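Below is one structure, written out as structure tokens; comments come after it.
The values are calculated or read from the model by the stated rules, or taken from the named source; none is laboratory data. The model shown is predicted, which means the values in this text are computed figures rather than measured ones. Neighbour counts are summed over all protein chains in view; Cβ atoms, including those assigned to glycine, are modelled from backbone coordinates with ideal geometry. Remember, those area values only see protein heavy atoms, side chains included, never the ligands or the DNA or RNA. Shrake-Rupley method; radii C 1.70, N 1.55, O 1.52, S 1.80 Å.
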Amino acid sequence: MRALSLFSGIGGLDLAAEAAGIEIVAMCEIEPFCQKVLHKHWPEIPIYSDVRLLKGEDIGAVELIFGGFPCQPFSVAGDQRGFDDERYLWPEFSRLVEEIRPVWVVGENVPGILRIAADSICKGLELKGY
């Protein structure tokens, strides 16, 4: 199975995916330090820096898109501004799902998302056929 990793961080979900036999074909991570860590461990995998600029055609066909999109809009450690937070990047994740149409979609986030945005996210995925 081929996968696109979004909001890759330092590659925690990527390590788990590889252990499950999943081939990561591209990563997307904006933080320079995290990019250095990813390049060190996955030098052959392209890393895109800004999910807002990434296009499905840049990636091609994959069976899985996964990632832990920013949690700050939902975390109890913050203001929980949800949809009004400029770091609310689920729409970018969703856009790439629409453009690429993978078989599987896996998103990870904090418990606060359940109260604030989970219904909207799930309904949006259902409208896309997931």
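At q = 0.18, 0.21 Å⁻¹, what is the log10 ratio I(q)/I(0) for the chain, with the Debye formula run over Cα points and no solvent? The calculated log intensity ratios at q = 0.18, 0.21 Å⁻¹ are -1.00, -1.31.
Helix 90-100 sits at what angle to the longest principal axis of the chain, using alpha carbons and giving 0 to 90 degrees rounded to 10? Approximately 50 degrees, to the nearest ten. Against the empirical curve 2.2 N^0.38 Å, the C-alpha radius of gyration of segment 61-120 lands at a ratio of 1.16.
Put a plus charge on the Cβ of each Lys and Arg, a minus charge on the Cβ of each Asp and Glu, and nothing anywhere else: the dipole of the chain about its Cα centre is then about 120 debye. For the chain, the share of accessible area belonging to carbon and sulfur comes to 57 percent (1.4 Å probe, ligands and nucleic acids excluded). Helix 118-127 and the long axis of the chain differ in direction by around 60°, with both axes built from C-alpha atoms. Dividing the mean sequence gap of close Cα pairs (under 8 Å, 6+ apart) by how many residues segment 14-63 holds gives a relative contact order of 36 percent. Axis of helix 32-41 versus longest Cα principal axis of the chain: the two differ by about 40°, to the nearest ten degrees.
With contacts taken as Cα pairs under 8 Å at a separation of at least 6 residues, the chain carries a relative contact order of 24 percent.
The gain in end-to-end length when the W104 to V25 segment is fully stretched comes to 26.9 nm, 0.36 nm per residue minus the alpha carbon separation. Only one residue of L89, F33, A61 has its Cα farthest out toward the positive end of the dipole of the chain, where Lys and Arg carry +1 and Asp and Glu -1 on Cβ, and that residue is L89.
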